[in-house]
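Peer 1: Quick one: structure below, then a few questions.
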Amino acid sequence: MRNDPVRQAADPCENHTCHGAYFARMRRVLPTMLVLAGLAAGGCGVGGQVHAVHAWPSDPPYIPPRDPAAYARANTAPPAPAPNARPGRSTAGGPPAPADAAPTDAQVARELRQAFGGKAGSTTDFVNAATLTGDGMATVPPSAPSRVVAIISAANQVARKPYVYGGGHGRFKNEIWIDTAYDCSGSVSFALASAGLINAPMDSTSLERFGRPGRGKWVTIYANAGHAFMTVAGLRFDTSGQQLTGSRWQTANRTAGGFTVRHPAGL
């Protein structure tokens, strides 16, 4: 039987060596086959659709109600004082004001007088005062009436115009007010006309009879036969001071000796 060639070809591995090699190969490739099968199963759903992963449902957090006793304590506790409150302020001649009450006009005036050294009229002067900008123009006080606003605005237009005798007095044909240069009374007239206070330019002698005598609350005219200037809201508008700063507006006062002092009615 062992010399039978057919039997030897049909059963070449009688000593089970070939069977052992086969199972060894299977053990090596089996894990890989299982992983591929798992990926194929996970990537395919019913009908080939990919299903979204839903969020895990959870209830809102539980917050216990406030202790009822806390409400009672909040209603009985005194209010906290304001950061800038000054408790116990009293009005002039009256009972103390509540800590959260607005200050009275008398209190504001008294505090402003203290801030400015207690000078008489310093509160009003501060509110009504104009100031100069860096380029020599006058600012308009917030409390200024409309005619004062017009005077300051017009004076700013000619504040840096050069000086020429007769300027602003109709040197050009068919032109009364607009000029390339102004003299002292011409610049003052230009400003007054812009507020509707005069209808034609006035020289310094004519300005001696302008308006009412004495100083005004907002505007005061100083005039004589040779010169004229004015003060508006605490600033001096004067051609003679232009050579110092380049602007007719000046913060420094000058003596009024030898000048007639007048002011527009109501100003």
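Peer 1: Send over the semi-axes of region 146-263's equivalent ellipsoid, whole angstrom and largest first, taken as the square roots of 5 times the C-alpha gyration tensor eigenvalues.
Peer 2: Taking √(5λ) for each eigenvalue gives 19, 16, 14 Å, largest first.
Peer 1: Subtracting the Cα-Cα distance from 0.36 nm times the residue separation, let me have the gained length for residue 106 to residue 252 in nm, one decimal.
Peer 2: Values: separation 146, 0.36 × 146 = 52.56 nm, distance 3.13 nm.
Full extension from residue 106 to residue 252 adds 49.4 nm.
Peer 1: Could you pull out every residue, at least 5 positions away or on a different chain, whose amide H is within less than 5 Å of the one on residue 249? Hs are placed 1.01 Å off N in the peptide plane, and Pro or chain starts have none.
Peer 2: 238
Peer 1: Another question about this same structure. Starting from the amide H of residue 202, placed 1.01 Å from N in the peptide plane, find each other amide H under 5 Å away whose residue is 5 or more places distant or on another chain.
Peer 2: Close amide H contacts, sequence-distant or interchain: 189.
Peer 1: Can you list residues from other chains, or at least 5 along the same chain, whose modelled amide H is less than 5 Å from the amide H of residue 212?
Peer 2: Placed amide hydrogens put 263, 265 under 5 Å from residue 212.
Peer 1: Relative to the present Cα-Cα distance, how much length would full extension add between residue 225 and residue 212 at 0.36 nm per residue of separation?
Peer 2: 2.9 nm
Just so you know, all these numbers are worked out from the coordinates, no wet-lab data involved. No experiment lies behind these values; they were computed from the predicted model shown.
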